[in-house]
Amino acid sequence: MDINLSASEARVIGCMLEKESTTPDQYPLTLNGLTNACNQKSNRDPVMNLSEAEVRTTLNDLIEQLIVREEEGARVSKFKHRFCNTPFSSLQLSEQERAIVCVMLLRGPQTPGELRSRTGRLAKFSDVKVVEQVLQEMIGKELVVQLPREAGKRESRFAHLFSGPVEVSAAVSAQPAADTGTNDKDKIRQLEQEVEELKAEVERLKAELARALQDS
């Protein structure tokens, strides 16, 4: 695979894929919006604290690789990806594959069960077996790799290959121990983020309805 993303590049692309689906009215993203998305405390692992200058440097690198495009406007520049499913990319993913890649770019290696629960706003999986089937197809396309199952764990984790080959031993040792309190906090932050996105969508629909009434 020709794509070999750094940690910050993976975060930027993951955020673009996420926001393109969940808040399309705010996409393409401004530098400020993208920085905020990269530094979200919910749905991110690890949590980053990138400055706008660091995000801008990352964007410049991605633009040079033709993976991101800058759209200059009258007020502020905005950025959109060419990572997949565009005329400028040979990488064409199904909706389910795109959702899995997005979540992996944002949160690293995950089990099929975790992927199913975390891709709810991006694609539909009827059950975990469907996730496992899609993952096996992605392994065949050399997009992801299955990690060895850890002792005491019921499911293996899967990792994306968009940042080069995965060092299996390092990936296994990097898995944090389960922390129920932390998981609860993550769920709360995820719900808060979803509420904010729903609020933005409601406001957008209200504005569209008001315009339609004025035109009628």
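The values are calculated or read from the model by the stated rules, or taken from the named source; none is laboratory data. From a predicted model like this one, the values you see are computed outputs, not experimental measurements. Positions of Cβ are backbone-derived with ideal geometry, glycine not excepted, and every protein chain shown enters the neighbour counts.
A compact table of results
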{"item": "Considering residues of segment 146-160 that are closer than 21 Å to residue 106 by Cβ and assigned to a loop (DSSP other than H, G, I, E, B) only, the residue modelled with the lowest pLDDT", "result": "155"}
{"item": "Odd one out for residue 55 among (1) closer than 28 Å to residue 114 by Cβ; (2) not in a helix (DSSP H, G or I)", "result": "(2)"}
{"item": "Set 172, 131: member being touching a helix residue (DSSP H, G or I) at 6+ places or on another chain (Cβ under 6 Å) and either at pLDDT 95 or above or β-branched (Val, Ile, Thr) (or both)", "result": "131"}
{"item": "Out of 135, 91, sole residue that is buried (at least 16 other Cβ atoms within 10 Å of the Cβ) and closer than 21 Å to residue 27 by Cα", "result": "91"}
{"item": "Qualifying positions in segment 56-108 - aliphatic (A, V, I, L, M) and more than 21 Å from residue 21 (Cβ to Cβ)", "result": "63, 66, 74, 76"}
{"item": "Cβ pairs under 8 Å, 6+ apart, first in segment 57-70 and assigned by TED's automatic domain parsing to the domain that holds residue 29, second in a strand (DSSP E or B) and of a type in the set (A, V, I, L, M)", "result": "59/68; 62/68"}
{"item": "Of all residues making up segment 139-158, the number that are among the hydrophobic types (A, V, I, L, M, F, W, C), out of contact with any helix residue (DSSP H, G or I) (no Cβ under 6 Å at 6 or more places or on another chain) and either within 25 Å of residue 7 (Cβ to Cβ) or in contact (Cβ under 8 Å) with a residue 12 or more places away in the chain (or both)", "result": "3"}
{"item": "Residues (within 14 Å of residue 50 (Cα to Cα), over 13 Å from the mean Cα position of the chain (by Cα) and part of a helix (DSSP H, G or I)) located in segment 5-38", "result": "31, 32, 33, 35, 36"}
{"item": "Condition check for residue 58: closer than 15 Å to residue 34 by Cα, crowded, with 19+ Cβ neighbours inside 10 Å and hydroxyl-bearing (Ser, Thr, Tyr)", "result": "yes"}
{"item": "Residue, surrounded by the fewest Cβ atoms within 10 Å (Cβ to Cβ), within segment 4-23, restricted to residues that are touching an Asp or Glu at 6+ places or on another chain (Cβ under 9 Å) and either at pLDDT below 95 or within 12 Å of residue 61 (Cα to Cα) (or both)", "result": "6"}
